[in-house]
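Quick notes on the structure that follows.
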Amino acid sequence: MWLQRLVDGMKDTVCAIIKQAQRDVYNQELETFIFSHPAQISLLGIQFMWTADTQAALANAKTDKGIMSKNMKKMDAVLKEMVTITVKTSLSKNHRTNLETCITVRVGG
């Protein structure tokens, strides 16, 4: 019984962190967002943003012929911004690993 409460509490905490990351990815600078969370959470936030923006673009593609191109440019800009951050000499080893993980998954995904 206590173990189930512990598992349920952990699930609730993870869900709350993911929901907050989903909001943060739109409300924070990308660098701040990535370095405020573990790589897994940063990846989820970026994926949520990509999914939401792509779904919105697809929903409006019939009336806005250029929206898919705009969406792709936005996602390219996110990747370019992440790459630009990698040249900063002030990055800690953890920040660099977190950022490189996001880039690797983003490029491979």
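Residues to consider are 27, 71; find the one that is touching a Ser or Thr at 6+ places or on another chain (Cβ under 9 Å) and either of a type in the set (Lys, Arg) or more than 15 Å from residue 105 (Cβ to Cβ) (or both).
71
Out of (1) modelled with pLDDT of 85 or more; (2) under 10 Å from the mean Cα position of the chain (by Cα), what's the single condition that is false for residue 52?
It is condition (2) that residue 52 fails.
For segment 85-99: of the residues being out of contact with any helix residue (DSSP H, G or I) (no Cβ under 9 Å at 6 or more places or on another chain) and in a helix (DSSP H, G or I), which is nearest to residue 43 (Cα to Cα)?
Applying the filter and picking the extreme gives 96.
So which residues in segment 77-96 are among the β-branched types (Val, Ile, Thr) and surrounded by 11 or more Cβ atoms within 10 Å (Cβ to Cβ), if there are any at all?
If the condition is that a residue be among the β-branched types (Val, Ile, Thr) and surrounded by 11 or more Cβ atoms within 10 Å (Cβ to Cβ), then 78, 83, 84, 85, 86 are the ones that fit.
If the Cβ limit is 6 Å and pairs must be 6+ apart or interchain, which residue in segment 32-53 that is within 13 Å of residue 105 (Cβ to Cβ) pairs with which residue that is β-branched (Val, Ile, Thr) and buried (at least 21 other Cβ atoms within 10 Å of the Cβ)?
42/34; 45/25
What about residue 63, is it among the polar types (S, T, N, Q) and under 19 Å from residue 81 (Cβ atoms)?
Criteria not met by residue 63.
The values are calculated or read from the model by the stated rules, or taken from the named source; none is laboratory data. Please read all numbers here as calculations on a predicted model, not as lab measurements. FYI the Cβ positions are ideal-geometry reconstructions off the backbone, even for glycines, and counts take in every protein chain you see.
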